[in-house]
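Take a look at the structure set out below.
The values are calculated or read from the model by the stated rules, or taken from the named source; none is laboratory data. Quantities reported herein were computed from a predicted structural model and do not represent experimental measurements. Methodologically, a virtual Cβ is constructed for each residue, glycine included, from the backbone with ideal geometry; neighbour enumeration extends over all protein chains shown.
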Amino acid sequence: MEHLYDKLKKYGESDFYPYHMPGHKRNAMGSMPCEIMRMDITEIDGFDNLHEPEGILKKLQRRAALLYGAEESFYLINGSTCGILSAISCAVPFGGHILMARNSHRSAYHAAYIRNLKVTYVYPPMLKGYDICDFVTPAQIEAALEREPDVEAVFLVSPTYEGRIADVSAIAEIVHEKGIPLIVDEAHGAHLGLAEGFAPNSNQAGADLVIHSVHKTLPAMTQTALLHVNGKRIDRERLRRFLHIYQSSSPSYVLMASIENALRIVEDEGQKLFCRFKRFYFAMMKKLSQCRRLRFVVDDERRQDVGKLVIDCRNAGMTGWQLYRILLERYHLQLEMACGSYCLAMFTIADDKNAYERMTSALLYIDEQISAKDCREDEKAPESGGEAVQKSFILPAEQERQETNVQSVSLAAAWDMPWEHMRLDKAVGRRVAEFVNFYPPGIPVLAPGEVLSEEQYLNILEYLQQGLSVQGIDCGKGGENYRIKCISKEI
Ligand SMILES: Cc1ncc(COP(=O)(O)O)c(C=O)c1O
């Protein structure tokens, strides 16, 4: 089997002179590493074309499909973002109707905007005992499809950013009974179904379109991703059309080689590496179970991804952001994200024992310090959600949303409507004209056309006052004159 990396390396060392793009001409001018520049080519003779693959890229994509149990797979070099845009655009006609989990990544909302879709949301429940959105359930999807019989596709996220894994096979059965396709944003699950003891991936669970960010949970470079397609509900020609539209016309061979490299590692050493990954993770969780104040999301591995360590701080009298800063500044441990009451660390097959040990000893020490302080002060343990603790990003319950936020104006229409800037406190009860995202994870708290509720206003304010990143709010010069875009002509 020919490997893309080897082929690129050999070509870089050859005497073929590049009278073509890219403009660096395979020279390491400036400070970029020479090895990468030598391999960075365009669609020249012998290297195939991602948009019309006939040679090595066709073979590599077939190989990816085989690995994931998919019928057909596509290499993506614009991240899962372009896979999600293509999947939704293909599965639903222009102006059609999609059922979408409300905790979806913003790229799904962007697809709805570009394709002028009517969107019906399914609101995931909160995970019991945590300020975290859980996965959507088969019962929710079933009920939503009963209520909305003209829905043309279902889109959901699994695993979620925090690692919650939905029952995709049960959902696929329900969706297919209606004769429509299921799209699963499995951006955070490119490692699923590749080894024993891990949840199956959504191809194996029966989804029609599945999107994987190879760069998130496998050893691959940023922007690398895969789109998989299965069954007869998806028009493959149409899918290719949208991939041509949303993918760069100059796909990076360095990124494509990085996808192949990651998948090759899994093929060659996957069982060993995944087994080690689980062993380290469970050893860490066993030690962390001694913590008295810090809590961790633990569940069956089929429902909670072992690559995500969600550290809940509500009983520790600090915010997720405060713990994040302590881990960063005192221990030099850079986490993936922090939210109001928790923070999140990611682990993959690329982490060695030391990565787990550093995290474990830091958390055990911090927990011990907090517990010791409580004993000294003879304090009663603060209850969950005590005063020192701020709430995290919360999506209101489904029923409440349906009553207060009926989409009388579609997302697509609302984003294009005339708008005015309003003071955040004065905007409660108004329809917003812009997305508001806490970043990460890039899930909109508010989408254009939705009404800003009092609870959301307070939630956003808390975030801003904690210094967390809130996209879609203009902080003004002094930093406290918060403003938000609202639709100017109320409808
Ligand atoms: C759930 C989810 N889907 C999709 C994406 C987009 O992935 P990418 O960055 O590969 O475009 C993200 C990014 O964070 C995500 O969290």
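Given Y281, Y246, which one is buried (at least 16 other Cβ atoms within 10 Å of the Cβ) and not assigned by TED's automatic domain parsing to the domain that holds I44? Spell out how you get there, then give the answer.
On the way: Y246 fails: not assigned by TED's automatic domain parsing to the domain that holds I44.
Step by step, each of Y281, Y246 is checked, and only Y281 is buried (at least 16 other Cβ atoms within 10 Å of the Cβ) and not assigned by TED's automatic domain parsing to the domain that holds I44.
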remark   = Filtering the stretch 165-192 for residues that are within 18 Å of the chain's Cα centre (by Cα) and surrounded by fewer than 24 Cβ atoms within 10 Å (Cβ to Cβ) leaves a count of 1
ask   = What is the one condition in (1) farther than 25 Å from R241 by Cβ; (2) surrounded by 13 or more Cβ atoms within 10 Å (Cβ to Cβ); (3) modelled with pLDDT of 95 or more that S73 does not satisfy?
value = (1)
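Being surrounded by fewer than 19 Cβ atoms within 10 Å (Cβ to Cβ) and modelled with pLDDT under 85 narrows it down to one of E368, E398, so name that one. Spell out the reasoning first.
Details: E368 fails: modelled with pLDDT under 85.
Only one candidate qualifies: E398.
Across the stretch 200-238, what is the number of residues that are more than 16 Å from the ligand (Cβ to nearest atom) and either assigned to a loop (DSSP other than H, G, I, E, B) or surrounded by fewer than 20 Cβ atoms within 10 Å (Cβ to Cβ) (or both)?
So the first thing to find is which residues in the stretch 200-238 are more than 16 Å from the ligand (Cβ to nearest atom), and the list is 200, 203-206, 208, 229-238.
Subsequent filtering for residues that are either assigned to a loop (DSSP other than H, G, I, E, B) or surrounded by fewer than 20 Cβ atoms within 10 Å (Cβ to Cβ) (or both) retains 200, 203-206, 208, 230-238.
Final tally of qualifying residues: 15.
Applying the selection to the stretch 188-198, what residues are within 16 Å of the ligand (Cβ to nearest atom) and either part of a loop (DSSP other than H, G, I, E, B) or modelled with pLDDT under 95 (or both)?
Within the stretch 188-198, the first condition is being within 16 Å of the ligand (Cβ to nearest atom), and the residues that meet it are 188-192.
A190, H191, L192, listed by residue number.
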task = Give the stretch 76-92 a look and list any residue that's among the β-branched types (V, I, T) and crowded, with 23+ Cβ neighbours inside 10 Å, or say none.
result = I84, I88, V92
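In the stretch 135-150, how many residues are within 20 Å of the chain's Cα centre (by Cα) and not hydroxyl-bearing (S, T, Y)? Break it down into steps so the answer makes sense when it comes.
First, the residues of the stretch 135-150 that are within 20 Å of the chain's Cα centre (by Cα): 135-137.
Within this subset, residues satisfying the condition of being not hydroxyl-bearing (S, T, Y) are 135-136.
Summing the residues that are within 20 Å of the chain's Cα centre (by Cα) and not hydroxyl-bearing (S, T, Y) in the stretch 135-150 gives 2.
List the helices (runs of 4 or more DSSP H) that sit entirely inside the stretch 1-115 and contain at least 3 residues that are within 25 Å of H212 (Cα to Cα) and more than 16 Å from the ligand (Cβ to nearest atom).
Numbers: elements: 4-12, 34-39, 56-68, 79-91, 106-114.
Of the helices (runs of 4 or more DSSP H) lying wholly inside the stretch 1-115, those with at least 3 residues that are within 25 Å of H212 (Cα to Cα) and more than 16 Å from the ligand (Cβ to nearest atom) span 4-12, 56-68.
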remark   = Counting only residues in the stretch 151-164 that are part of a loop (DSSP other than H, G, I, E, B) and under 12 Å from the mean Cα position of the chain (by Cα), the one nearest to the ligand (Cβ to nearest atom) is identified as Y161
key: Those residues of the stretch 285-320 which are surrounded by fewer than 21 Cβ atoms within 10 Å (Cβ to Cβ), touching a strand residue (DSSP E or B) at 6+ places or on another chain (Cβ under 8 Å) and part of a helix (DSSP H, G or I), in sequence order   = M285, L288
request  = Considering each residue of the stretch 239-261, count those that are in contact with a strand residue (DSSP E or B) (Cβ under 9 Å, 6 or more places away or on another chain) and assigned to a loop (DSSP other than H, G, I, E, B), and give that number.
outcome  = 2
